[in-house]
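So the structure is just underneath, and the comments pick up after that.
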Amino acid sequence: MKTIKDFDLNDKKVIIRVDFNVPIKDGIIKDDTRIIESLKTIKYAINNNAKVILMSHLGRIKEEADKEKNTLLPVSIRLSELLKKTVKFVNKTRGEELEKAIESLKPSDVLLMENTRFEDLDGKKESGNDSELGKYWASLGDIYINDAFGTAHRAHASNVGIASNLESGIGFLIEKELNNLLPAVNNPEHPFTVILGGAKVSDKIGVIENLVNKADYILIGGGMAFTFLKASGVEIGSSLLDEDSIDFCKKMLKENKDKLILPIDVVTDLKECFITDITNEEKGLDIGPKTVKLFKQYLDVSKTVIWNGPVGMFEDEKYSGGTKGICEILRNIKAIKIAGGGDTASAIKQFGYDKIFTHISTGGGASLELLEGKVLPGIEVIK
Ligand code: ADP
Ligand code: MG
């Protein structure tokens with residue numbers, strides 16, 4: 001697969017699809033991580049004398065009123081500060097003004113087009129990958145570089161659409177994600193242990209099905225552990241239960257008895273106890289310290305670890321002990337350590353453990369689909 005490095009960018013109009021889908025409140029960017037993550041590719045294009053045309057989506061556009069709070073204007077200002085360079089913002093997604101602004105670009109200039117999803121107002125043209133729109137956007141450039149990993153699992157006009165009509169490659173961010181995630185999933189050094197948590201089993205069925213045959217151990221925590229516990233015959237009180245997934249859990253437990261490791265103790269809203277001591281009114285919200293110790297035995301011998309899903313309701317300090325405990329264990333082992341999932345990544349950052357990981361994926365849905373063994377359309381089209 002071609003990367004940005006395989007192209008001669010000199011004097012070329014290079015469309016770069018980035019992920020600038022940052023949280024914005026009252027016009028102020030609350031977290032600019034995604035802008036920072038995209039700088040490497042943008043700077044490379046600038047330094048190689050490209051005429052840089054940036055495209056991104058931001059939020060969802062369902063009605064006219066959504067436009068005002070989802071304009072990319074604040075992003076252009078922040079990007080300009082980070083690059084220490086003028087970023088020309090065009091508040092259009094098509095038409096003469098945009099085309100003229102692109103034609104007047106000089107090598108190393110940077111232009112940011114308005115939110116690609118403004119096109120969704122008129123029949124979901126962006127999100128539905130309207131073929132005319134993809135063709136039109138492709139006509140604005142000479143080369144297309146996709147570096148938006150966070151949307152690579154979706155076929156939109158701004159990724160699949162453009163790439164189907166123009167010479168294309170991937171940027172440094174997508175390259176880094178693939179180089180870290182793919183070998184860990186497909187060719188891991190063993191023992192390979194997966195830590196799964198999060199709220200619902202149903203969100204992670206695809207991941208379990210794909211990884212159960214590749215991993216040596218799957219350690220299960222979080223809300224989803226309770227559906228597994230229920231399936232194994234334990235009473236779970238008022239803990240989160242995914243009724244529809246009980247049969248799936250039963251089947252998994254039957255076929256993979258020694259591979260799936262469930263919690264032995266919990267922190268509930270009332271007390272800390274063995275899982276067999278949860279009463280009717282009680283809700284399990286974190287794994288207990290004995291489970292952390294149990295998980296440690298598996299993690300200590302592992303050579304590859306993939307973690308998706310916090311093992312407790314970490315947003316509340318009272319139920320963050322399990323997730324912090326896992327972080328602490330991982331700090332002390334020598335292994336490839338990969339984390340994926342939006343909440344998992346923010347828990348790791350919040351607790352100050354981001355430096356101890358080999359890789360923390362920036363894409364929630366996209367990384368989940370890679371763990372499910374799916375191909376990502378935004379990347380497949382470039383291959
Ligand atoms: P990710 O975004 O990393 O893929 P998920 O979205 O699947 O993770 O799950 C994260 C959510 O799961 C968090 O909001 C957390 O509070 C919740 N969660 C974890 N453990 C429990 C639990 N025991 N009961 C209810 N919710 C839980
Ligand atoms: Mg999440």
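Total residues in the stretch 331-382 satisfying the condition of being without any contact (Cβ under 8 Å) to a residue 12 or more places away in the chain and within 13 Å of the chain's Cα centre (by Cα): the figure is 1. For Glu81, the test of being outside any loop (DSSP other than H, G, I, E, B) and free of Cβ contacts under 8 Å to residues at least 24 places away in the same chain is passed.
Can you find even one residue in the stretch 249-260 that is surrounded by 20 or more Cβ atoms within 10 Å (Cβ to Cβ), in a helix (DSSP H, G or I) and under 27 Å from the mean Cα position of the chain (by Cα)? Among the residues of the stretch 249-260, at least one is surrounded by 20 or more Cβ atoms within 10 Å (Cβ to Cβ), in a helix (DSSP H, G or I) and under 27 Å from the mean Cα position of the chain (by Cα), which makes the answer yes.
The residues on offer are Glu189, Glu209, Glu235, and the sole one that is away from ligand 2 (no atom under 16 Å from the Cβ) and either part of a helix (DSSP H, G or I) or under 20 Å from the mean Cα position of the chain (by Cα) (or both) is Glu209.
Cβ-Cβ contacts under 8 Å between residues 6 or more apart (or on different chains), taken from a first residue in the stretch 50-75 that is touching a residue at least 40 places away in the same chain (Cβ under 8 Å) to a second residue that is exposed (fewer than 13 other Cβ atoms within 10 Å of the Cβ) and assigned to a strand (DSSP E or B), are listed as Pro74/Ile28.
Counted as qualifying within the stretch 269-371 are the strands (runs of 3 or more DSSP E) with 3 or more residues that are more than 24 Å from Glu209 (Cβ to Cβ) and more than 9 Å from ligand 1 (Cβ to nearest atom), namely 272-274.
The residues listed here are Asn308, Asn332; of these, the one that is within 16 Å of ligand 2 (Cβ to nearest atom) and among the polar types (S, T, N, Q) is Asn308.
Conditions (1) over 22 Å from Cys273 (Cβ atoms); (2) within 16 Å of ligand 1 (Cβ to nearest atom); (3) modelled with pLDDT of 95 or more; (4) of a type in the set (A, V, I, L, M), marked per residue:
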| residue | (1), (2), (3), (4) |
| --- | --- |
| Asn186 | yes, no, no, no |
| Phe192 | yes, no, yes, no |
| Ile205 | yes, yes, no, yes |
| Leu219 | no, yes, yes, yes |
| Phe226 | no, yes, yes, no |
| Ser239 | no, yes, yes, no |
| Ser245 | yes, yes, yes, no |
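Go through the stretch 152-168 and count every residue that is within 20 Å of the chain's Cα centre (by Cα) and not hydrophobic (A, V, I, L, M, F, W, C). Count: 5.
The values are calculated or read from the model by the stated rules, or taken from the named source; none is laboratory data. Just so we're clear, the structure is a prediction, and the values are computed from it rather than from any experiment. Every residue, glycine among them, receives a Cβ derived from its backbone with ideal geometry; neighbour counts consider all protein chains shown.
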